[in-house]
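Below is one structure, written out as structure tokens; the observations come after it.
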Amino acid sequence: MNHIESLEGLRAEALSAIAGAADLKQLEAARVKYLGRKSSLLQVLRELGQLEPDKRAVVGKLANDVKRDVSEALESREGGLAAAAREATLKSDAFDLTLPGETVRTGRVHPLNQTAEEIVQIFRSMGFEVADGPEIEDEYHNFEALNMPAFHPARDMQDTFFIGSNLLLRTHTSNVQIRAMKSRKPPLAVLAPGKVYRRDSDITHSPMFHQIEGFMVDERITFGHLKSVLSSFVRAIFGKTRKVRFRPSYFPFVEPGAEMDVECVMCDGQGCRVCKSSGWLEILGAGMIHPKVLEHVGYDSEKYTGFAFGMGIERIAMLRHRISDIRLFFENDVRFLEQF
Ligand code: FA5
């Protein structure tokens, strides 16, 4: 077979192999076979020198034409196969762009923390500083130093969780009064927010709840100072129009003692389930610090006087946001929490 015929045959065979390549791998095999170093085409080109000059020109031109045609066919088939491969991959690991995206949930500050923050800010603006105390407390700081010796009937006012013969979960934040006063000298104005625990549970009572204790001690502090500080606080948190009242009350660690009630926001003072038909919701206990308490912490009760108060944060949050059941704060239902 002469060179011309074999080159024509080679071109036809190469083009048909390229057209028939089913994927990029088969196409690469065709490239090696028809254009590779051991291919018949390269063999012809290598042997051109041995041909007579007029034949060499004709065969050389044809060989180059074949090489160009095969190269072009390879290139174009490669483009087609690559596009098909891309299409197939897209189909197999396809993203469904119409699916809804994952929503990122943002957290928010719990309504009780929001309320506590607000209360702390109000008292800070009046010059109070913030202190902390332990939730696991001994009887001395929770009761005895607060003028409630063992077997004092007032201990029953706060149903206690005991965790040992002398250890308990503090029933109020008043333990911070003792700890702060023992470590410091007057004058002082302190605010102590924190968790407290009692065996108590209904729509306005929770076994774990939060209080904020406040106290101020100096020479010549009077009940007038107490009323003024608490009235300013109530105006700041509930507005000027919400009615409040002081009522005489008893706590062993104050004398005289009082409680402060806020007009029930659920029924505007008409009486409902939340205020137990009284029209009022108690938010805090307060009074002048008992001289015996001042003596327990080593203060001269002839020279110094002071007032103290302890308020329930849940009660204030309930009044602020018209929440009718205290247990909602602790159920962690996002539908409730998202409203704040
Ligand atoms: C006391 O705990 C006193 N330590 C307060 C005090 C401090 C009086 C300083 C005088 C001087 P009382 O037990 O009343 O008092 O509780 C104070 C407030 O905590 C109540 O007014 C109420 O708002 C809230 N509170 C009481 N028990 C619960 C409870 N189980 N769940 C939610 N809030 C409560």
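Applying the set (1) touching a Leu at 6+ places or on another chain (Cβ under 6 Å); (2) over 28 Å from E302 (Cα atoms) to M260 leaves exactly one unmet item: (2).
The residue that is farthest from the ligand (Cβ to nearest atom), counting only those in the stretch 304-328 that are part of a helix (DSSP H, G or I) and in contact with a His (Cβ under 8 Å, 6 or more places away or on another chain), is I313. Pairing residues of the stretch 31-50 that are within 15 Å of A17 (Cα to Cα) with residues that are aliphatic (A, V, I, L, M) and loosely packed, with under 14 Cβ neighbours inside 10 Å, at Cβ distances under 8 Å and at least 6 apart in sequence or on separate chains, gives S39/V32.
Looking at R124, R155, R105, can you tell me which residue is within 27 Å of Y250 (Cβ to Cβ) and of a type outside the set (S, T, N, Q)? Show your work before the answer.
Working: R124 fails: within 27 Å of Y250 (Cβ to Cβ); R105 fails: within 27 Å of Y250 (Cβ to Cβ).
Every option except R155 fails the conditions.
For A192, the conditions (1) at pLDDT 95 or above; (2) part of a helix (DSSP H, G or I) all hold with the exception of (2). Among the residues here, I212 does not qualify as surrounded by 14 or more Cβ atoms within 10 Å (Cβ to Cβ), part of a loop (DSSP other than H, G, I, E, B) and at pLDDT 95 or above. Of all residues in the stretch 221-244, none that is free of Cβ contacts under 8 Å to residues at least 12 places away in the same chain has its Cβ atom under 9 Å from the Cβ atom of a residue that is surrounded by 15 or more Cβ atoms within 10 Å (Cβ to Cβ) and of a type in the set (S, T, Y), 6 or more apart or on another chain. Going residue by residue through the stretch 135-143, is there one that turns out to be in a loop (DSSP other than H, G, I, E, B) and within 16 Å of the ligand (Cβ to nearest atom)? Checked against the condition, which is being in a loop (DSSP other than H, G, I, E, B) and within 16 Å of the ligand (Cβ to nearest atom), the stretch 135-143 yields at least one hit. Any idea how many residues of the stretch 256-284 are closer than 16 Å to N147 by Cα and either in a loop (DSSP other than H, G, I, E, B) or within 10 Å of the ligand (Cβ to nearest atom) (or both)? Total satisfying the criteria: 1.
Within the stretch 24-38, identify whether any single residue is under 60 Å from the mean Cα position of the chain (by Cα) and at pLDDT below 90, and answer yes or no. Yes - at least one qualifying residue is present in the stretch 24-38. State all residues of the stretch 262-288 that are surrounded by fewer than 19 Cβ atoms within 10 Å (Cβ to Cβ) and under 26 Å from S174 (Cα atoms); if no residue qualifies, say none. Hit for the stretch 262-288 is E282, nothing else.
The values are calculated or read from the model by the stated rules, or taken from the named source; none is laboratory data. Since we're looking at a predicted model, the values are computed, not measured. Counting neighbours? That spans all protein chains shown, and the Cβs are built from the backbone with ideal geometry, glycine included.
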